[in-house]
Amino acid sequence: MTPAEAKKRIAELRAEVSRHAELYYRQAKPEIPDRDYDKLERELADLEKQFPQFAAKVSPTAQVGDDRLEGFSTYRHRQPMQSLDNTYSEDEYRAFHQRLVKLFGRDELAYVVEPKVDGLAVSVTYEKGKLVRAVTRGNGEEGDDITVNARTIYSLPAELKTSKKHPVPDVIEIRGEIYLTTAEFQRINEEREEAGEPVYANPRNLAAGTIKQLDPKEVARRKLEIVLYGIGYCEPQVADSQSEFVASVKAWGLPTVEKFWPVQGIDAAWQAVGELDKLRHAFAYGTDGAVTKVDSFGLRREAGSTAKSPRWAIAYKFEPERAETKINAITIQVGRTGVLTPVAELEPVILAGTTVARATLHNKDEIARKDIRVGDTVLVEKAGEVIPAVIEVNLKRRTKECRPYEFPDKCPVCGTKVVQLEEEVAMRCPNLGCPAQVRRRLTHFVSKACLDIDGLGTAMIDELVEKGWVKELPDLFRLKRDDLLTLGKKVEKSTDNLLAALEAAKRCELWRLIHGLGIPHVGVSAAKDLATHFRDLEKLASAKVEDFIANKESVISGIGETMAVAITGFFADKRNRALVEGLLEVGLKPVAPEKPVGGSTIFAGKTFVLTGTLPTMSRDEAAAKIEAAAGKVSGSVSKKTSYVLAGEEAGSKLDKAKELGVPVIDEAEFLKMLKG
Ligand code: IVH
C-alpha cells in the first residue's frame, strides 16, 4: 500500500469506526456485529502503526468509545476508565505475555482469568460504605451520572457490609458491568414486538438503552443486574492484588464474576480461557470473551498503560457462533396486536449446540436494509447467545431466482389491508377480528398470568376460533355445553370442568382482567398497580392522560408516560371499549384488591425513618418497598414519624425515636406488616 493509499484508507476507517462507536456506545443500536467492528478497528490500528506519519491524537484507536448523552449530568471519574486491548488469536494472546516477561524480566507471572461480561461499563462510588454515585464510562475521563437509575438495581446494595477482614475504605470506585438476564431480555422484547416497537438485538443493547432512560420508573421495570470486577480510585488502599480485591468485593456484599481463575503463567491462563468458554453459556450474563489480568497491583503500576488501555490486561474474544444456511421461505406471523413479523424459514443448521430452523427478520425495514431474499444463502449467528439472527447475505451465492421479498400488503391470515402506524416500524393488520389475533388474544387471556383458565389449550382455542364460536373474548363465556360436547374429543367431564373454570373466572382479580386485555406495555406488575389505583375497570377505561401524569410526574407509582399514552390510546379505540362492555355484559365481575396487591397502598399516610443495618435488605430496598406501598421515607425522626425501622448498630435516630415514643420495628416486623 502506498502512503497516499494508506492516508485515504485511514481517513475512511476513522470515519467508519467512529460512526459505529457512536451507534454502539451512544445509541445502543449497532449496525454491525461486534466482530466486524473489532476487525475495522484493528485494520485502522495496524495502518497507523505501519504509517506513523498519519497517526493522530483524535483517532478512535486512541480514545474510548464515548457513551455520554443529552439529558444527563456528567461526572468526572477520580481515576479514568480505560478500554481493553482485545484479540481473537492465540498467538497474539501469548505475545501479550511475552511483552510482560520482557518488561518485568521474569518468566512466571500470576494472572487472573475472568469472564468478559457483555454489558455496559459503569463505575460505582462508595463513600464510607454508602453508595453515592454511579457513572458510565463516558469518554473515559467523565461519564453520565446514572445514580438514580442504578439505584433501581436490586443487586446493588446501598450500603456495603463491613467485616474485620475486609475493611471498607473511605472512598472507593468499583468498576463493573450492568447487564440484563436472558429471561428479562426475552420478556421485554416480546412486549416491544407486540407494541410494534423495534426489538433489541441482544441483552447488552437493551441494558445500555435502559440505563440511559430518563424515567427511573421505566428503568425499575426492566430488572437490570450488575456485576463488579475492577478497582478504580481507592483511599486508603484495601488490596494489593485482584484476588484480594475480589474477596473484599464479595465480603462487602457486592455481586462479582461467577468464576475466576487465579493462575501461574500463560499456559495455565490459556487453559483457563478454554474452561471459561465451556462454562460461560450457563452464566447469568452474556460473555463475549475472557479477560486476563496481571494479579499484582504493584506489577500493574509498573506496566502502566497506553492512551486507551492498560498493558497489564488483555481480552481474548470468542468467535461468535455462526453458520451459513439457506432461506427456504419467508413467512409472516401475526401477533396478538396484529403486528406482522417476518420469519426466515431456514434450512436447519446446528448453532451453539441447538438446531436452528427459524430466525426472526424483525420487520419490513430490516429485510430491505439487509436485502434479504428467499433462496439466499445467509450467515446466521446466535446474537448475544440468545436468538438466532440473520447477519448478512452471501451475495456470491445469490442466484437469479432470488427475487426481492415483497412484504404483503394484506394480512396473510384474514386478507385485511395492512397499515403502518405513524412512527412505527411494524406493519399491522388492523382487523381486531382477524383469527390469528383472536387466537393469540385468547391464548393470552386464559394464560396463567391472566384469567388462568384450565382446559383451554392451543388446539382447543384453534377449534373454537375455526368453528366461529369465539370471535371475541366475551364469546368464551357464551360457549354452550351442547356445542362443546360435539367437539368429539371433549368428554363430558372435561367440558363441565371447563365451564366451571369459566364461571369461576368471572370473579377473577381485577389485575388479571386488566393484564388479560393485552394493553401494550402493560405487564403483570403494571396491571397490579392499575388495579390498586382504579379499583374498577370502567374507571380505568375512562381515565385521561392527566389522571396518570400530572406536572410531568407519575400519579401512580410505576406508571410512566409511555404506559399512560398506551393505556389511554387503547381505550380511545371504540372496539376496545366495546370489548370491555362485552366482558361486563357476559357477567364478568372482577374483584378489586381488598388487601392491596403488588404495589399496595398499605403504608399510605405513614412515614418511616430507617436506621442501622438490616439483616437481609439494604436500606434502599426497604425504602423502595415502603414507597411501593404508598408510604414515605424521611431522613429524620419527628413526632410525625409513624415508625422507625431499625437494624443493627442503629444510631441517634433510635434514641430520638425512644425519646419521642415513636414505635420502633425490626425487619421481621416490617415484612409482616408489608404482607398485611
Ligand atoms: S477490566 C482498564 N474485567 O470490557 C480496563 N473489564 O472491552 C480494565 N469488561 O471497558 C477492565 N468484563 O467495560 C475488565 N472482567 C472484566 C470485564 C471487563 C467486561 C469490559 C469493560 C471494558 C471493556 C473493554
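The values are calculated or read from the model by the stated rules, or taken from the named source; none is laboratory data. As the structure is a prediction and not an experimental result, all values here were calculated from the model. Note that we place each Cβ from the backbone using ideal geometry, even for glycine, and neighbour counts take in every protein chain shown. Protein only, heavy atoms only, side chains kept; ligands, DNA and RNA dropped before computing areas. Shrake-Rupley method; radii C 1.70, N 1.55, O 1.52, S 1.80 Å.
When PHE96 is evaluated against the numbered criteria (1) within 16 Å of the ligand (Cβ to nearest atom); (2) within 26 Å of LYS382 (Cβ to Cβ); (3) open to solvent by less than 10 Å² (accessible area, probe 1.4 Å); (4) not basic (Lys, Arg), which criterion, by number, is the only one it fails?
(2)
Can you find a residue that is surrounded by 14 or more Cβ atoms within 10 Å (Cβ to Cβ), modelled with pLDDT under 95 and basic (Lys, Arg) anywhere in region 138-155?
The answer is yes; a qualifying residue exists.
Of a type outside the set (A, V, I, L, M, F, W, C) and either open to solvent by 40 Å² or more (accessible area, probe 1.4 Å) or farther than 18 Å from GLU190 by Cβ (or both): which single residue out of GLU366, GLU422 fits that description?
Result: GLU422 is the single residue among GLU366, GLU422 that is of a type outside the set (A, V, I, L, M, F, W, C) and either open to solvent by 40 Å² or more (accessible area, probe 1.4 Å) or farther than 18 Å from GLU190 by Cβ (or both).
Determine the pairs where a residue that is under 7 Å from VAL294 (Cα atoms) and of a type outside the set (Asp, Glu), located within region 106-117, has a partner that is within 12 Å of the ligand (Cβ to nearest atom) and in a loop (DSSP other than H, G, I, E, B) with Cβ atoms under 9 Å apart, the partner being 6 or more residues away or on another chain.
VAL112/PHE260
List pairs: first residue in region 609-629 and at negative phi, second residue part of a strand (DSSP E or B) and of a type in the set (Asp, Glu) anywhere in the structure, Cβ distance under 6 angstrom, at least six positions apart or on different chains.
Cβ pairs passing all conditions: THR613/GLU648; SER618/GLU159.
Every residue, every condition in (1) among the basic types (Lys, Arg); (2) open to solvent by 80 Å² or more (accessible area, probe 1.4 Å); (3) at pLDDT 85 or above; (4) in contact with a Ser or Thr (Cβ under 8 Å, 6 or more places away or on another chain), yes or no:
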site: LYS606; (1), (2), (3), (4): yes, no, yes, yes
site: ASP620; (1), (2), (3), (4): no, no, no, no
site: ALA630; (1), (2), (3), (4): no, no, no, yes
site: LEU645; (1), (2), (3), (4): no, no, yes, yes
site: GLY651; (1), (2), (3), (4): no, no, no, yes
site: LEU660; (1), (2), (3), (4): no, no, yes, yes
site: MET673; (1), (2), (3), (4): no, no, yes, no
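Name the residues in region 156-183 that are open to solvent by 30 Å² or more (accessible area, probe 1.4 Å) and of a type in the set (Phe, Trp, Tyr), would you?
Those that are open to solvent by 30 Å² or more (accessible area, probe 1.4 Å) and of a type in the set (Phe, Trp, Tyr): none in region 156-183.
Can you name the number of the only condition in (1) within 13 Å of the ligand (Cβ to nearest atom); (2) open to solvent by less than 10 Å² (accessible area, probe 1.4 Å); (3) more than 19 Å from VAL257 (Cβ to Cβ); (4) of a type outside the set (Gly, Ala, Ser) that VAL112 fails?
(3)
When you go through (1) farther than 28 Å from PRO157 by Cα; (2) part of a helix (DSSP H, G or I); (3) under 25 Å from the mean Cα position of the chain (by Cα) one by one for PRO198, which number turns out not to apply?
Tallying (1) farther than 28 Å from PRO157 by Cα; (2) part of a helix (DSSP H, G or I); (3) under 25 Å from the mean Cα position of the chain (by Cα), PRO198 fails exactly one: (2).
Among ARG577, ARG507, ARG535, which is the only one that is closer than 23 Å to ARG440 by Cβ, in contact (Cβ under 8 Å) with a residue 12 or more places away in the chain and surrounded by fewer than 17 Cβ atoms within 10 Å (Cβ to Cβ)?
Criteria check complete, one pass: ARG577.
Conditions first: (1) of a type in the set (Val, Ile, Thr); (2) at pLDDT 95 or above; (3) under 24 Å from the mean Cα position of the chain (by Cα); (4) within 16 Å of the ligand (Cβ to nearest atom). VAL64 passes all but one, so which condition is the exception?
Single failed check for VAL64: (2).
Please indicate, with yes or no, whether at least one residue in region 377-387 is among the charged types (D, E, K, R), open to solvent by less than 30 Å² (accessible area, probe 1.4 Å) and assigned to a loop (DSSP other than H, G, I, E, B).
No, there is no match, as no residue in region 377-387 is among the charged types (D, E, K, R), open to solvent by less than 30 Å² (accessible area, probe 1.4 Å) and assigned to a loop (DSSP other than H, G, I, E, B).
Any residue at all in region 435-446 that's surrounded by 20 or more Cβ atoms within 10 Å (Cβ to Cβ) and part of a loop (DSSP other than H, G, I, E, B)?
Within region 435-446, not a single residue is surrounded by 20 or more Cβ atoms within 10 Å (Cβ to Cβ) and part of a loop (DSSP other than H, G, I, E, B).
ARG106: more than 16 Å from the ligand (Cβ to nearest atom), open to solvent by 20 Å² or more (accessible area, probe 1.4 Å) and more than 30 Å from the chain's Cα centre (by Cα), yes or no?
For ARG106, the condition - more than 16 Å from the ligand (Cβ to nearest atom), open to solvent by 20 Å² or more (accessible area, probe 1.4 Å) and more than 30 Å from the chain's Cα centre (by Cα) - is met.
What tally of residues in region 39-55 results from selecting those that are away from the ligand (no atom under 16 Å from the Cβ) and without any contact (Cβ under 8 Å) to a residue 12 or more places away in the chain?
Result for region 39-55: 4.
Considering region 497-549 alone, what residues qualify as being of a type in the set (Lys, Arg) and in a helix (DSSP H, G or I)?
If the condition is that a residue be of a type in the set (Lys, Arg) and in a helix (DSSP H, G or I), then ARG512, LYS528, LYS539 are the ones that fit.
With respect to VAL524, is the statement that it is within 23 Å of LYS448 (Cα to Cα) and touching a Leu at 6+ places or on another chain (Cβ under 8 Å) true?
Against the criterion (within 23 Å of LYS448 (Cα to Cα) and touching a Leu at 6+ places or on another chain (Cβ under 8 Å)), VAL524 does not qualify.
Anything in region 401-419 that is closer than 28 Å to ASP36 by Cα and open to solvent by 40 Å² or more (accessible area, probe 1.4 Å)? List them, or say none.
Scanning region 401-419 gives ARG403, PRO404, TYR405.
Applying the selection to region 1-41, what residues are part of a helix (DSSP H, G or I) and β-branched (Val, Ile, Thr)?
Scanning region 1-41 gives ILE10, VAL17.
Tally time: how many residues in region 74-93 are more than 15 Å from the ligand (Cβ to nearest atom) and under 24 Å from VAL171 (Cβ atoms)?
Residues flagged as more than 15 Å from the ligand (Cβ to nearest atom) and under 24 Å from VAL171 (Cβ atoms) within region 74-93 amount to 3.
Look through region 331-342, keep the residues that are over 23 Å from the mean Cα position of the chain (by Cα) and assigned to a strand (DSSP E or B), and return whichever of them is farthest from VAL413 (Cα to Cα).
Result: PRO342.
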